[in-house]
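K.L.:
Dropping a structure here in structure tokens format, bear with me for questions.
The values are calculated or read from the model by the stated rules, or taken from the named source; none is laboratory data. Every value quoted in this text rests on a predicted model; they were computed, and no experiment measured them. Note that we place each Cβ from the backbone using ideal geometry, even for glycine, and neighbour counts take in every protein chain shown. Surface accessibility is based on the protein's heavy atoms, side chains included, excluding ligands, DNA and RNA. Shrake-Rupley method; radii C 1.70, N 1.55, O 1.52, S 1.80 Å.
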Amino acid sequence: MSTAVLIDGKAYAEAIRARLAISVGELHDYHHIVPGLAVVLVGQDPASRIYVRNKHKQAEEAGIRSLVHTLPAEVSEDELSTLIEGLNGDREIHGILVQLPLPPHIDTQWIIDCIDPAKDVDGFHPFNVGHLFTRGTGLIPCTPLGCLKLLRRQHPDMSGLRATMIGRSNIVGKPMAQLLVQENCTVTIAHSKTRDLARECRQADIVVAAVGRAEMVRGDWIKPGATVIDVGINRISLEDGKSRLVGDVCFDEAVAVAGAITPVPGGVGPMTVAMLLHNTVLACCRQTHVEPCLHAVGKRMSSGTRCFACNAHERSSC
Ligand code: GUN
């Protein structure tokens, strides 16, 4: 029985964060700019608190100034939007993230719409959603972007591959499907009303699972040799009273069939945070009209920008 290659998101995310820390240092040393990230947490949801703590810690470790605004669950929409308006106008804040889910009395989309699209490091604002669909230069949601980076290492050319996205959320499913279309995959979006989910998976060279149901995707749903990206993080209780984190894919079954698979934990999760930091530095560079140059991100300088490592204008490299 063959065993799939393990896609090590933890190690890849660490490498990305180390590279970002160098870029942040250069931004500071050459331009006296410190990227600033504001994270807004409403209420006491235990999972959200852990996610926010993690984002804050990793941002600080990369040299990003991170400020967490914790608000009570009863906060009004007006109070929340007033906070966001203040952050929109704060020149030291380049990225704003409102941790979801929000309490039911708050209109989540209305709050997202309040965020300045240039600072929307989650990529959830309709401006950035639109840019994603038109291949513009908006900010791309962190989890799908992290999945894409993992997939590209496995499949440098995804043209013509069949991909099945399980889940149609605004946070993962819809943007991920669009990114796969841009990679020239033939994409199926499956969801809770899909008639034969197993069959939709079995035809796929790439399966991305983001449904939030522990171990729902079974081993016999996977085409032999397929690449499986598991976005789910579910805590399940064990008989001995302890608990364990599992994904949306039954790992022990799928690993024997797939060609490559992400573990949970240690797969997509760390990539999401790394992409948040990436988006924050990107948003900062755009707002301050400074651009990482060839040696930092492997691309040419565009007209009217300065390299943040050497301060050169419109150079092809430095
Ligand atoms: N809750 C779960 N995932 C996310 C995410 O990517 N961004 C925000 N803001 N909230 C989330």
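K.L.:
Can you list which of the GluC sites (Glu not before Pro) found in the range 30-117 are DSSP loop residues with at most 13 other C-beta atoms within 10 Å?
P.N.:
Values: sites: Glu60, Glu61, Glu74, Glu77, Glu79, Glu85, Glu92; in loops: Glu74, Glu92.
Filter output for the range 30-117: Glu74, Glu92.
K.L.:
Between Ser48 and Arg195, what is 0.36 nm times their sequence separation minus the Cα-Cα distance? Round to one decimal in nm. All intermediate terms of the calculation are to be shown ahead of the outcome.
P.N.:
Details: separation 147, 0.36 × 147 = 52.92 nm, distance 3.26 nm.
Result for the pair: 49.7 nm of gain on full extension.
K.L.:
Let me ask something else. Which FRET efficiency value, to the nearest 0.05, do you get for Asp90 and Glu253 by plugging their Cβ-Cβ distance into 1/(1 + (r/R0)^6) with R0 = 51 Å? Don't skip to the end; give the middle numbers.
P.N.:
Numbers: r = 49 Å, r/R0 = 0.96.
Efficiency, from the Cβ-Cβ distance: 0.55.
K.L.:
For every helix of n ≥ 4 consecutive DSSP H residues, a contribution of -39,500 (n - 2.57) applies; sum these over the chain, divide by its total residues, and give [θ] at 222 nm rounded to the nearest 500 deg cm²/dmol. Before the final figure, lay out the partial values.
P.N.:
Values: 11 runs with 124 residues, N = 318.
Theoretical 222 nm ellipticity from helices: -12000 deg cm²/dmol.
K.L.:
Expressed as an acute angle from 0 to 90° and rounded to the nearest 10, what is the orientation of the C-alpha long axis of helix 268-287 relative to the principal long axis of the chain?
P.N.:
The angle comes out near 20 degrees.
K.L.:
Can you send over the carbon and sulfur percentage of the accessible area for the chain, probe radius 1.4 Å, protein chains only?
P.N.:
Working: 7840 of 15110 Å².
So the carbon and sulfur contribution to the accessible surface is 52 percent.
K.L.:
Of the listed pairs Lys55/Lys242; Lys174/Lys242; Lys149/Lys223; Lys119/Lys174; Lys193/Lys223, which have alpha-carbon separations greater than 30 Å here? Intermediate results must be reported in sequence, preceding the final value.
P.N.:
Working: Lys55/Lys242 26 Å; Lys174/Lys242 34 Å; Lys149/Lys223 22 Å; Lys119/Lys174 21 Å; Lys193/Lys223 22 Å.
Beyond 30 Å: Lys174/Lys242.
K.L.:
Angle between the Cα long axis of helix 173-182 and the longest principal axis of the chain, 0 to 90 degrees, nearest 10?
P.N.:
Value to nearest ten degrees: 80.
K.L.:
Any chance you could give the angle, 0 to 90 degrees and rounded to 10, that helix 77-89 forms with the longest Cα principal axis of the chain?
P.N.:
On a 0 to 90 degree scale, this one is about 60.
K.L.:
Only Lys, Arg, Asp and Glu count, each charged at its Cβ (+1, +1, -1, -1), so figure out the dipole size of the chain about its Cα centre, rounded to 20 debye. If you can, show how the numbers build up before the last one.
P.N.:
Numbers: 32 positive and 34 negative charges, 187 e Å.
Rounded to the nearest 20 debye, it is 900 debye.
K.L.:
Specify which residue in the list Val98, Val68, Pro117 is farthest towards the positive end of the charge dipole of the range 67-149, using unit charges on the beta carbon of Lys, Arg (+1) and Asp, Glu (-1), about the Cα centre.
P.N.:
Projecting each Cα onto the dipole axis, the largest value belongs to Pro117.
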